[in-house]
1. In Å and whole numbers, how far do the C-alpha atoms of the chain stretch along each principal axis, longest first?
2. Below 27 Å, Cα to Cα, which lysines can K96 reach? Residues fewer than 8 away in the same chain don't count.
3. Using a Förster distance of 22 Å, how high is the FRET efficiency between D35 and T133, based on the Cβ-Cβ distance and rounded to 0.05?
4. Using amide H atoms built 1.01 Å from N in the peptide plane, name the residues 5+ places from T182, or on other chains, whose amide H lies under 5 Å from its own.
5. Among N39, N72, N161, whose mean-square fluctuation peaks in a Gaussian network model of the chain (Cα, cutoff 10 Å)?
6. Can you compute log10 of I(q)/I(0) for region 104-157 with the Debye formula, treating each Cα as one identical point scatterer, at q = 0.14, 0.28 Å⁻¹?
Amino acid sequence: MEQTTQNVISIPRIGDKAPSFTAVTTQGEINFPGDYKGNWVILFSHPADFTPVCTSEFMTFAKMEKQFNEANCKLVGLSVDGLYSHIAWLRTIKEKIEYKGMKNVEVNFPLIEDITMNVAKTYGMIQPNEDSTKAVRAVFFIDPKGIIRTIIYYPLSLGRNFDELYRVLIALQTADEFNIATPADWRPGDDVIVPPAGSCGTAKDRMDGKEDMKCYDWFFCTRPISKDNVMKRVLKKK
Ligand code: BEZ
């Protein structure tokens, strides 16, 4: 919720409960984040319908939706356009746009209409020095308990990297499942970080009796987690 106290605007931050709202979307009304309890959800904004960067992003996200769903994650888009604009834009994408081998792309996840900008403002998606009438490209990762776990912002001119968004989702889920942290550029199968004393418990506490930890110094310990193990425990795949 946006709160203005002595000109200080409060916007949601990592660790906060995701502000709740109801909204009209291309898939009917939603009650956010209540309808998504038990699922991860990525709430993301785009500046405007019928614009090229946003079109390339929607096609990419739609193509990857199944992959996100298989990681127990739902997608929800938002812009400050109205419902009929959203519907017309998504129909045009399906009927006319062919891009990077993608065509006939149907967007099946909900796209919120936010002509009042209430939701966009509440979530800090309107960043007036970038544009006061359009949302920036914000991405909120919200966990199954409705807690904001990661926020990424991109400016209007920069299309997002959707492989990175998927990597972030899997890294967050892996950190939760194994009680570890993930190092720079981590991907499933890479060694993970056993948090040192003073961060999230001692490395020793985190070992759960495992003998495969490698410590380079007291503050930097790693251990392997196989890609198979991530697939099995995080993605629930054999
Ligand atoms: C685009 O998606 O292409 C776009 C939208 C707003 C400003 C600039 C680019």
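1. Over the chain, Cα extents along the principal axes are 59, 51, 31 Å.
2. Result set, ordered by chain and number: K63, K66, K74, K134.
3. The computed FRET efficiency comes out at 0.20.
4. Under 5 Å from the amide H of T182: I193.
5. Greatest mean-square fluctuation among the candidates belongs to N161.
6. -0.46, -1.16
Each reported figure results from applying straightforward, stated rules to the coordinates on display, with no laboratory input. Note that the structure is predicted; figures quoted are calculated from it, not measured. Reconstructed Cβ throughout: ideal geometry from the backbone, glycine too, with neighbour counts over all protein chains shown.
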